[in-house]
Amino acid sequence: MTASGTTDQNGRVASLHLHPTEPGAQLQTVEAIEVIEAKGISGEPRYFGRMSRDTGQPSRRQISLIEREQIAEHAAALGLQPIPAGAVRSNIETLGINLIAVVGREIEIGEAVLSIYTARDPCAKMDAVCQGLRALMMNNRQGVMAEVVRSGRIRVGDPIKVRSVERKES
C-alpha cells in the first residue's frame, strides 16, 4: 500500500463516452466528464440523478466501466478488427486495471472517487455490434457498474488507483 492509501494496482482512462438522448444511438466520445456525488455524470441522460424504483433513494447505477483489454479479447475471439471505443456503450473505458477484481472497492479516478459495486450485465445491443458479442460478455466479462462517492472531473489519460480497504475496529 502507498502513503496515499492506494494499492499498487492501477490503470488509466482510455476513453470517455456519454449516452445520447435518443435510445440506441451512438455514444458521444468526450475528453472529460464531471461526476457528481450520488448522481452520476453531469449531462448524462441515461443515468444522471435517477432514483431507484425499489427504494426511492438515488440509484447506484451511475457509471459503467469496461477494460479496453476485455474488448480486444472479445474482438479477437469473434475474428473482428478492433471494436471502436464507445461501441460497447460504457461511459469509461480503461487500460491496465482488472475491474472485476475491484468489485466492492473504491477507485480514485481523476479528481473523483467511484465505488465499484457489481459486474455489468450485457444487453441485446451488444449483438448489434457483432453477433455473438453478448454471449462472450456474460459471466463477468462486460465491465462493472459504479456509483460516485466523491465529485470531480475525469479526463482521458487520468490515472486510476484502487483505494486500500480500511478496516474498522470493533
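The values are calculated or read from the model by the stated rules, or taken from the named source; none is laboratory data. This is a predicted model, so every value here is computed, not measured. Heavy atoms of the whole protein, side chains included, go into the accessibility calculation; ligands, DNA and RNA do not. Shrake-Rupley method; radii C 1.70, N 1.55, O 1.52, S 1.80 Å.
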message = Give me the percent of accessible area attributable to carbon and sulfur for region 1-87, probe 1.4 angstrom.
response = 48
query = Which value results for Rg/Rh of region 36-114 when Rg is the Cα radius of gyration and Rh the Kirkwood radius based on the inverse mean 1/r?
reply = 1.03
